[in-house]
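Okay, structure first, notes after.
The values are calculated or read from the model by the stated rules, or taken from the named source; none is laboratory data. None of these values were measured; they are calculated from a predicted model. With ideal geometry, Cβ positions are generated from the backbone for all residues, glycine too; neighbour counts draw on all protein chains shown. Heads up: the accessible areas ignore ligands, DNA and RNA and are worked out on the full protein's heavy atoms, side chains in. Shrake-Rupley method; radii C 1.70, N 1.55, O 1.52, S 1.80 Å.
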Amino acid sequence: MSQDSAYDVAVIGYGPTGVTAANLLGALGLRVVVLERDGEIFSRARAISTDEEVLRIWQRAGLAERMKQDMLPERPVDFVDAAGRPFITARPTPRGHGHPPQMFIYQPALEQVLREGVARYPNVEVRLQHEALRLRQDADGVELTVAGTEDDTVHRLRARYVIAADGGSSLTRAQLNIGYEGRTFEDRWVVIDTKMLKPWPGHDRLRFHCDPERPAVDCPTPLDHHRWEFPILPGEDEQKLTTEEAVYRLVARYGVGRDSIKILRATVYSHHVRFAARFRAGRVFLAGDAAHAMPPWIGQGMAAGVRDVANLSWKLAGVLRGELPEAVLDSYEAERKPHVKEVTRRAVFVGRIITERRAPVTRARNHLLRGLDRIPGFSNWMQDANWIPVARYATGFRATDRHRAAGHMIPQPHVTTAHGSLARLDDVLEGRWLLLHARAATPQPAWDRLGVPSLTITPVGTTPSEGAVVDTDEVLLAWMARHRATTLALRPDGYVYAAATTAPLPPPPAGLHPAAQLTIGIRQ
């Protein structure tokens, strides 16, 4: 058994959550080791969509534009009855994050781009075919016992902190003796990934077939792929339902013939609603499916994991660099758990609409919702109200006053910089602590003494200058006015720590030393 050198952070698991963490931590300059049991990207496309806030996170890693090349943007969403007639048709409502509100993805291609992004950082070491067998914590860090799955070698390595993104069956969570409570739904589903050989009518729309005899999900995915999902009915044989003949029979009812698709794989899985009893155990943090699992109906399982590590990465960097006190890490669960629980509740609600089997109930549902859908704006309101909750932290790492802007993530418009160039706001903010002023800067002595930089937002028609940008899309100043804020203290992740209207800002958090902060160094 050999002893390796120490790392700032060890990431266990290299799926979408782990690889996003590796990109964010790498960009922040930390020394990172990634441990992944498998040697290749998992070939089955599990997640099928993502949203604008997640793309904004990948933008911080310098990868959003490349990733969007392999995505399908803003396809309509139809809830249809047994005859294929829509009773709700909607498009996702933009939330102002600067990217399309919904993008369909092909997960293996997405993960490949994310892994290529990690290769930009020599400070990130990726060990494929290595499994973290045991971990032991002490006052200074975590010792991990790591085995090579091909050569049977065993190593010990140390990290100051660990992010466990090793999935729903997390060995790390089990070692920590953390409960994973919730339920598994009775129905099992067959998920079918195909390559599209020729298009058919409606191939580019997401349809939830709300058929009481057999509900189905019919989803376009990019790079000429298409996804179906069907429940396994009582008495059906799982193995037979995944054969080519059975798959062709399932899709034929939607007018898709053998000459239209090539079947890549058909796999059976169950839906879960589960939450880890706690997201943190000392220096180890659970993220993604290791911390929570939800049904797939609103496409937020992968997104929730990405949000987890976006919340955690900058905090770990701040603590490791001496910019923040270690106690700030307690805010990870306080901020993430309520949001992921609300997202899961909404996923369960949408699933009930789709999978209702009682024929009288489905007839009433179809009639009621079809009537309401004729009301202008109803379908978009329903989707906005029951899809993804607006990003806001009611508790956690924020000022204790109740200003209405505190805890919100600010929108991301295009702004015009002092050099006259057009840029997305986050590219100007650079992932650092920052004071944002509306129209004119006002002194903030407690923050100014710490050296927190300031940026002034000026309206269209003004000339950009050093320390000021023009709100070219006319979004940010209006948002600040709605939230009655003239000055914002922004965290590195774009959330409002504190806000003020006319009075000085609430004081900075205890132990903040932003003079030590390093901005995210994105490598293109």
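May I ask you to derive the relative contact order of region 139-295, considering only C-alpha pairs under 8 Å and at least 6 residues apart, and to give it as an integer percent?
32
With Kirkwood's inverse mean 1/r over C-alpha pairs for Rh, give me the Rg to Rh ratio of region 148-256, two decimals please.
Value, to two decimals: 1.13.
Please list, or write none, the lysines whose alpha carbon is within less than 19 Å of the alpha carbon of Lys315, excluding same-chain residues fewer than 8 places away.
The qualifying lysines are Lys337.
For the chain, which whole-number percentage of the solvent-accessible area (1.4 Å probe, protein heavy atoms only) is attributable to carbon and sulfur atoms?
52
So how strong a dipole does region 240-311 carry about its Cα centre when Lys and Arg Cβ are +1 and Asp and Glu Cβ are -1, to the nearest 20 debye?
The dipole of region 240-311 has a size of about 180 debye.
For a quick check of understanding: with a 1.4 angstrom probe and all protein chains in place, what accessible area in square angstrom does Trp297 have, to the nearest ten?
20
Quick one: if you stick a label point 7 Å off each Cα along the C-beta vector at Arg439 and Arg249, how many nm between them?
For the pair Arg439/Arg249, the computed spacing is 7.0 nm.
Just need log10 I(q)/I(0) for region 410-494 at q = 0.11, 0.14, 0.19, 0.24 Å⁻¹, Debye formula, equal scatterers on the alpha-carbon atoms, no solvent, rounded to two decimals.
-0.25, -0.42, -0.79, -1.28
Considering the dipole of the chain built from charges on the beta carbon (Lys and Arg +1, Asp and Glu -1) around the Cα centre, which of Thr267, Val348, Asn366 is farthest to its positive end?
Selected residue: Asn366.
Regarding the chain, what is the average projected area of its C-alpha convex hull, in nm²?
Approximately 25.9 nm², given one-decimal rounding.
At 7 Å along Cα-to-Cβ for each site, give me the label-to-label distance between Thr153 and Arg345 in nm.
5.0
Given R₀ = 22 Å, what would the calculated FRET efficiency be for Arg392 paired with Asp330, taking r from the Cβ atoms and rounding to 0.05?
The calculated FRET efficiency here is 0.70.
Relative contact order, percent, of region 415-524 when contacts are C-alpha pairs under 8 Å separated by at least 6 residues?
Dividing the mean separation by the residue count of region 415-524 yields 30 percent.
For the pair Leu233 and Thr502, what calculated FRET efficiency results from E = 1/(1 + (r/R0)^6), where r is the Cβ-Cβ distance and R0 = 56 Å, to the nearest 0.05?
That pair, Thr502 with Leu233, gives E of 0.30.
Under 20 Å Cα-Cα from Lys195, which aspartates and glutamates qualify once same-chain neighbours fewer than 8 residues away are excluded?
Answer for Lys195, where 20 Å is the Cα cut-off: Asp70, Glu111, Asp204, Asp218, Asp224, Glu229, Glu244, Glu245, Asp259, listed by chain and number.
May I ask what percent, to the nearest 5, of DSSP beta bridges between residues of the chain are antiparallel?
Taking every DSSP beta bridge with both residues in the chain, the antiparallel ones total about 70 percent.
Would you mind getting me the FRET efficiency between Arg188 and Val428? Use the beta-carbon distance for r and R0 = 45 Å, nearest 0.05.
FRET efficiency, Arg188 to Val428: 0.40.
Express the accessible area of region 341-471 per residue in Å², computed with a 1.4 Å probe while the remaining protein chains stay in the model.
49
What is the dipole size for the chain, taken about its Cα centre, with +1 at each Lys and Arg Cβ and -1 at each Asp and Glu Cβ, in debye to the nearest 20?
1220
Separation between the Lys198 and Ser169 pseudo-spin-labels, each 7 Å from Cα along Cα→Cβ, expressed in nm?
The two pseudo-label positions are separated by 4.2 nm.
Sorted by mean Cβ packing within 10 Å, highest first, what order do the peptides 267-277, 93-103 take?
Sorting 267-277, 93-103 by mean packing, highest first, produces 93-103, 267-277.
Cα convex hull of region 201-285: mean projected area in nm², to one decimal?
That works out to 8.8 nm², a quarter of the Cα hull's surface.
Asp81 accessible area, nearest 10 Å², 1.4 Å probe?
It works out to around 10 Å².
Taking the Cα centroid of region 268-306 and of region 61-91, what is the distance between the two, rounded to the nearest whole Å?
A separation of 23 Å, based on Cα centres.
Expressed as a rounded percentage, what relative contact order does the chain have, with Cα pairs under 8 Å and six or more residues apart?
Across the chain, relative contact order equals 16 percent.
Could you give the length gained by full extension between Ala478 and Thr400, i.e. 0.36 nm per residue of separation minus their alpha carbon distance, to one decimal place?
Taking Ala478 through Thr400 to full extension adds about 25.6 nm, to one decimal.
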